[in-house]
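Data block below; observations after.
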Amino acid sequence: MQVTMTVNGESVTREVEGRMLLVHFLRDELGLTGTHWGCDTSNCGTCVTWMDGEPVKSCTVLAAMAGGREVRTVEGLEKDGVLDPVQEGFMRCHGLQCGFCTPGMMLTARALLDRNPHPTEQEIREAISGQICRCTGYTTIVRSILWAAEHPDGPTPAAAEPETAGSAS
Ligand code: FES
Ligand code: FES
């Protein structure tokens, strides 16, 4: 079957099998491998993308179900070479180690900050509660998202230097 959707602002059309999942469509048909595939059982959340502005686990969505929808992946967070504040936050506050969970975490964080620009730590933890990180213990992920909330326009000259490991503890 033929499916057409908008991905990161561009219209794409492909012939796909009806059973193809969105995560495989993005990775295998479009080469957008920033969307990771971890469990395929809707547990890990590393496959999170946006569909019409809402985070979804793309291993639970058929590519055909995304027809006519607006999909955004981690590759669409950066704009004109400028990192999203969430990406800056993860970089500065050591929000990742292996990085496997990171794309999904960042997309969930962006969605949270778009609807709630000043979340509490508890609200952040609730927002990412459907996603698993095996490395960080979540503390630096939460700190990264708080950094992004505090810097909605990105880094200022005063914040130009990355956080140190000591300051992230
Ligand atoms: Fe989708 Fe794990 S691959 S939730
Ligand atoms: Fe390794 Fe989160 S940084 S799973």
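The values are calculated or read from the model by the stated rules, or taken from the named source; none is laboratory data. None of the values given here were measured: they were computed from a predicted structure. Cβ coordinates were reconstructed from backbone atoms using ideal geometry, including for glycine residues, and neighbour counts include every protein chain displayed. Protein only, heavy atoms only, side chains kept; ligands, DNA and RNA dropped before computing areas. Shrake-Rupley method; radii C 1.70, N 1.55, O 1.52, S 1.80 Å.
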Yes/no for Val61 being over 22 Å from Val16 (Cα atoms), modelled with pLDDT of 95 or more and either touching a helix residue (DSSP H, G or I) at 6+ places or on another chain (Cβ under 9 Å) or more than 10 Å from ligand 1 (Cβ to nearest atom) (or both):
no
Are any of the residues in the stretch 103-110 touching a Cys at 6+ places or on another chain (Cβ under 9 Å), among the aliphatic types (A, V, I, L, M) and either part of a helix (DSSP H, G or I) or open to solvent by less than 40 Å² (accessible area, probe 1.4 Å) (or both)?
yes
Somewhere in the stretch 39-47, is a residue open to solvent by 10 Å² or more (accessible area, probe 1.4 Å) and in contact with a helix residue (DSSP H, G or I) (Cβ under 7 Å, 6 or more places away or on another chain)?
no
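Restricting attention to the stretch 36-51, and to residues there that are away from ligand 2 (no atom under 15 Å from the Cβ) and not charged (D, E, K, R), which single residue is modelled with the lowest pLDDT? Spell out the reasoning first.
In the first step, residues of the stretch 36-51 are kept if they are away from ligand 2 (no atom under 15 Å from the Cβ); the result is 40-42, 49-51.
Restricting the remaining residues to those that are not charged (D, E, K, R) gives 41-42, 49-51.
Working: Thr41: 89, Ser42: 93, Thr49: 98, Trp50: 98, Met51: 98.
That would be Thr41.
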Any residue in the stretch 27-40 that's closer than 17 Å to Thr6 by Cα: show its pairings with residues that are of a type in the set (S, T, N, Q) and within 11 Å of ligand 1 (Cβ to nearest atom) at Cβ separation under 8 Å, as long as the two are six or more apart or on different chains.
Arg27/Thr35; Thr35/Thr49; Thr35/Ser58
Provide a single number: the residues in the stretch 115-143 that are touching a residue at least 40 places away in the same chain (Cβ under 8 Å) and either away from ligand 1 (no atom under 15 Å from the Cβ) or not in a loop (DSSP other than H, G, I, E, B) (or both).
4
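Given the criteria within 16 Å of ligand 1 (Cβ to nearest atom) and touching a residue at least 60 places away in the same chain (Cβ under 8 Å), does Pro103 qualify? Give the derivation first.
Details: within 16 Å of ligand 1 (Cβ to nearest atom): yes; touching a residue at least 60 places away in the same chain (Cβ under 8 Å): yes.
Yes: the conditions hold for Pro103.
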Check Gly67 against each of (1) of a type in the set (Gly, Ala, Ser); (2) surrounded by fewer than 16 Cβ atoms within 10 Å (Cβ to Cβ); (3) closer than 30 Å to His118 by Cβ and name the one condition it does not meet.
(3)
Unique residue being more than 20 Å from Ile141 (Cβ to Cβ) and not charged (D, E, K, R) when the list is Leu96, Leu107, Leu32, Leu77:
Leu32
